[in-house]
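The block underneath contains the structure these notes are about, expressed in C-alpha cells.
Just so it is clear, none of the values below were taken in a lab; they were calculated from the coordinates. Keep in mind it's a predicted model, so treat the numbers as computed, not measured. Using ideal geometry, Cβ is built from the backbone for each residue, glycine included, and neighbour counts are taken over all protein chains shown.
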Amino acid sequence: MLAASLFKEVFYQSRIPQLVMTLDETKVMVNPAFKQFIGYIDETWPWSSLKDFSHPEDYETDMQYLGEVIEGTRHEYQMEKRFITRTGGIKTGDLHVSLIQDQGVSYVLGQVIDITEKKEIEAKKQKSDEKYRLLAENSSDIINLHEPDGSYIYLSPSISSLGFSPDELVGRHPYDIIHPEDQQKIEELLSSLNEEDHVIQVTYRVKGSEGEYSWFESVLKAIFDPESGEILNIVSVSRNIEERRKIEEQIKKSEKLAVIGQMAAAVAHEIRNPLTPIKGFLQLCDDKKQYNEEYLNIVVKEINRMEEIISDFLFLAKPQGILRNPLNIDELLKEVITIVETGIKSKNVVITMNAIERNVALYGCPNGMKQVLFNIIQNAIDAISVNGSIEIDTAISGNEFEISIKDDGEGIPQEVFKHLGEPFYSTKEKGTGLGLLISHKIIENHSGRIAYVSNHGEGTTVKISLPLQNSDAS
C-alpha cells in the first residue's frame, strides 16, 4: 500500500506528462502535467479512452506496439506521437510506454516529453530547405556546394547542360573541368575568400563531357564556422555566358563599324572643305591661263590643312608603342612656350610658369607629352581675345605629378563640356577637335587623366595628373 501510495504521489506531482491506462483501455488516468500538456488546465478531464485524444494516424501504431508489449514480444516502446489538444490543435510528444504491476494487475504507463516546438522548428527548416532545393533544382544557373579545398559536395541538376550528372562530379575538384590557363587566375581570387562577407566573381572556361570549352561566370562566397572562424564550405553560383559573350562581341563589332563610319564621314567632310577652294583656284588658273601666287599660297595652305587632318586621324588609328623615357615637364613647357611666343605677343598675352624645384620620376613619351602641352596652351591662347594671362603650375600631390594650365579667357559654356574630346567637335571656325582627342589618348597612354574647370566668362583651368615612377607608362 505504501508503494502504491508513493507511486500515486510521484505520478500526480511529476512535471513530466504521464498517463496510466488499463490493458483493455477502459480506464485512463492522466496527471496534471499531462492535462496542461494538451490544454486542460482547470477544466475537468473529459476523456476515458486513449483514442479520444490521440491523432488517428498515430493511434493505430501506438496500439500495434502496445499489443506487442501485452503479448510479451516487447518489454517497452518509444515513439513520436501527436495528441489532440482541448482546442483541436496538435501537440507532439516523445512517448515512452512500459508495463507496471499493482497488486498483481498490469497497467500501461506512458510518459511524454513535449517536442512540439522542436518539431515545428524542424518543419519550418524542412519547408525552407524544400524551397531552396526547388530553387536549386529548377534554376538554369548551376548552384554548387564545395569543401574548403574546392571539391564538390553538391551540384544542382543544371550541371547536365555540360553533359555531366551531379553524381559524376561529387568529390571531384573543379580544376578537373576548368581550362588550365584560367586556373591561376581563379587561385589568386580564392585567396581573398578568407575575408568575412567577401564575394568574388570570376570568368573562365569549362570543359563539357564531350571535351568542348564554354565560357562561364561564377560568384563565390565562403561559409565560416562562427566559433573557430575557419571556412566550413564554399557556395558558388555559375552561369554559362557563352551566348552573352558572342552577343557582346557582335555589339562591339557593330559599335566599331559605327565609329569607323562616323569617323570616315567626318574625315571625308573635313577634307572636302579644303578641296573646294583648291579646286576653285585651280579652275581659275586654268581659265586665265596664268600663274597667280596668291591662289597658289591658298592652295598650299589648304593642302597642309588636309595633311594635318590625315596625320591626326592616323595617330588615332595607329596603336602607340610603349615608351619609358624620362619626362622633364618643366623643359617641355619651356619649349612649348617658346613655340607659341609669336601668337601671345600679337594678343599681348602673358604666360607665367611656377615650376617645382626638384627632380621627379616621370616616364613616358616626351614628343607625345609635348604635343599635349602645345594643344592645351594653344587652346588657352585662342580662348583669350586680347590682354590676357595664362598661369602654369606644376606640383606633386601624393603619388601624382600635376600640371595646371589656367587662362582668363571666355571660358567654356556648360553645353560644350560634354563634347570635350569628341572627334570633329570644335568651337573654332576651322577646328577639327582632333587635337583635344589626341591629347586625351596620349594622357590615357601615360595612365594619367585630364580634368576641366570652367565657368563661362571666367576662364578655364585644365589639370593634367600623371602617376609618379610609372615606368610602364607609354
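When only alpha carbons of the stretch 2-116 are considered, Rg and Dmax amount to 13.6, 39 Å.
A straight chain from Ser160 to Leu99 at 0.36 nm per residue would run longer than the Cα-Cα distance by 16.3 nm.
Residues Ser161, Ser454 in ascending order of nearby Cβ atoms (within 10 Å, fewest first): Ser161, Ser454. What the phi angles of the stretch 178-184 give under the Karplus curve with 6.51, -1.76 and 1.60, with θ = phi - 60°, is a coupling list of 9, 4, x, 5, 9, 5, 5 Hz, glycine and proline written as x. Listing Val199, Val30 from fewest to most neighbouring C-beta atoms within 10 Å gives Val199, Val30. In terms of other Cβ atoms within 10 Å, Trp215, Trp45 run from fewest to most in the order Trp45, Trp215. What net charge do the residues around Gln183 carry, taking every other residue with its C-beta under 11 Å from that of Gln183, with Lys and Arg at +1 and Asp and Glu at -1? That works out to -3.
Fully extending the segment from Ile271 to Glu80 would add 59.6 nm, taking 0.36 nm per residue of separation and subtracting the current Cα-Cα distance. Among the listed pairs Lys51/Lys127; Lys35/Lys124; Lys185/Lys253; Lys8/Lys35, a Cα-Cα separation exceeding 24 Å is found for Lys51/Lys127; Lys35/Lys124; Lys185/Lys253. For Lys288, the lysines whose Cα comes closer than 16 Å to its Cα, not counting residues fewer than 8 places off in the same chain, are Lys279. The simple spin-label model puts a point 7 Å past each Cα toward its Cβ; for Lys118 and Glu307 those points are separated by 9.5 nm. With the Kirkwood sum run over all distinct C-alpha pairs, the stretch 77-160 has a hydrodynamic radius of 17.1 Å.
Length gained on full extension, Tyr175 to Thr203, computed as 0.36 nm times the residue gap minus the Cα-Cα distance: 8.7 nm. Extending 7 Å from the Cα toward the beta-carbon at both Glu71 and Leu189 defines two label points whose distance is 6.4 nm.
Sparse packing (at most 11 other Cβ atoms within 10 Å of the Cβ) combined with a DSSP loop state is found for the following GluC sites (Glu not before Pro) in the stretch 23-86: Glu43. Across all C-alpha atoms in the stretch 122-205, the radius of gyration and Dmax reach 14.6, 46 Å.
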